[in-house]
Each structure stands twice: as C-alpha cells, then as structure tokens.
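Here the structure is laid out as structure tokens; the discussion comes afterwards.
Just so it is clear, none of the values below were taken in a lab; they were calculated from the coordinates. The structure displayed is predicted, hence computed values, not measured ones. Every residue, glycine among them, receives a Cβ derived from its backbone with ideal geometry; neighbour counts consider all protein chains shown.
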Amino acid sequence: MASTDEQLHAMAFAQLTDAEVLEIRRLASRLLLATPTRLSRRTRKSAHSSARLDVRATVRASRRSGTDTTGLLYARRREQRRKLVMLCDVSGSMEPYARIFISLLQGAVATAGAEAFVFSTRLTRLTRQLALRDPDEALARAAEAAPDWAGGTRIADSIRHFVDEHGRRGLARGAVVVIFSDGWAQEDPNNVAAQMARLRRLAQRIIWVNPRKAAPEYQPLAGGMAAALPYCDAFVSGHSYTALAAVAAAIRGDSQPSLKGRGN
C-alpha cells in the first residue's frame, strides 16, 4: 500500500487541506532547480594544448619575462548556468495553486538565483520579497507587493511589461523562462501570441506550467493558452508535488517530448 507521504505527494494541490498545503509548501521550497549550462565569454587557464591558445596571456607573459620565447598559454571558456526567470499567475482562477507555486519560486530565488515575478492584471517583480528565509513572511510580503492578487488575468499585458522593462535589458536573453498559468484570460488571443513571440526571440527555452493539464479531458483550447502554446518548448501540469518533478526536468532541459525545439 502507498504510504501517507506518497498519497500526499500525488494529490492535486486543489484537493489539499490547509495543513497539507503547509507541508507541500515546505517541500516545494526545498526543490533544487538547475538550468542547463552554456559557454561564457570569460575564460580560465588550461594546461592542455587542446584548449584555445590565449594569445594575449602569452604576449603578457613574454613581456614580463623580457624574452621573446616563453611557454604558450592556453584557456578554455567557462561554463555557467543559464538564468532562470519565473512568472507566476496569481489571479483568482489560480488561487488553489498559487501559494505552493510561490513557495517553489522562493526556493528557486534562494538556491538557483532565479528572478521571480507574479501577475494578475499587472506584473510585479518579487525577487527581493522572496529572498526572505521565512516562507510565511515571504508569502505575506509578496501578497502585499502585488495588490492585484486573486484578481483578473491579463497575460498579454504582463508579458509585454516583462519584455519591455526587464527582458530586453538582458534578464531574458538566453534564459530559461517558466510561466505558471492556467491560460484563462479575457484577452484577444492575437495579443497573447504577439507577446509570446517577442519573449520567444529572447529566451533560450520557455516552459509553461498549467495545473489544469492534469485533467483527463483537458485540451488547451482556451484563447490565451491556445495562443501561447506554439511558442513553448515544454508544457507540463505541475499540479501535484510529484508532478513538480516534470517541471524540474523541463528546467534542466532533460530529454523529453518537446512542443517546439528552439534555442539561443
């Protein structure tokens, strides 16, 4: 028989009691999220001749020695993690899931240096608020900073604000962007598609987490969701603690069915 913990981990977030939500929030905040690596422009010294010859370092060493002959110096480009950016829908329709997703964002800020945003009728940056160690205080400050919490949903305007104010300035360039939303919005789908296309040109990878996807009869036919899906690389539910493993795998870039392979 499945243990109590296993049953809890498999339960949809919308079915949890308040006490169970607290337990899952604690677990979600401790999940380790890691993005793929990329080669940085910065280099490090290497003793192997198979690395790229570092001409500048070799010339500087020659000048310091005062001779024309010196050992050749080599360098390799450093590897670094791609940036992780997370945008969470906190509108009324996402209320059963938002508290747990915010705890996931809090852990990502602390362990992966992620940038965190929430949106309902407008976009709010919460990286500073979620950097707090106390999860309840972090959630309280996050809700205080976003007065539109549990309001309507304006996906297109929120993504446009993110791209204009943060994405084009470098935050989204080559980054892994995760959007938590059920895609329910009273907006022109063409506007959603247009803003997702702009984000697509900046991000290395876009992951959409929609807890409604777990329902057997679910089909992504809602206007906002249908318009956004062609620009996503992965579409996962994240509706339970167990399902968050698929979110973590998508962030890592593990081999899995992909909606649309794109990359910077």
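Three principal axis extents describe the C-alpha atoms of the stretch 97-186; from largest down they are 33, 30, 19 Å.
Residue-wise HN-Hα couplings along the stretch 165-176, as the Karplus relation 6.51 cos²θ - 1.76 cosθ + 1.60 with θ = phi - 60° gives them from phi, are 8, 10, x, 6, 7, x, 5, 9, 5, x, 8, 8 Hz; Gly and Pro carry x. Let me see the P(r) profile for the stretch 136-209: every Cα-Cα distance counted, bins of 5 Å, each bin given as a percent of all pairs. Here the calculated profile for the stretch 136-209 is 3, 15, 21, 23, 19, 14, 4, 1. Label separation (ARG30 vs ALA215): 3.3 nm, computed from points 7 Å beyond Cα along the C-beta direction. Distance distribution P(r), the stretch 156-264, all Cα-Cα pairs, bin width 5 angstrom from 0: 2, 13, 23, 24, 21, 13, 4, 0, 0 percent. For the peptides 148-159, 175-186, the ranking by packing is 175-186, 148-159, with the highest mean count of neighbouring Cβ atoms within 10 Å listed first.
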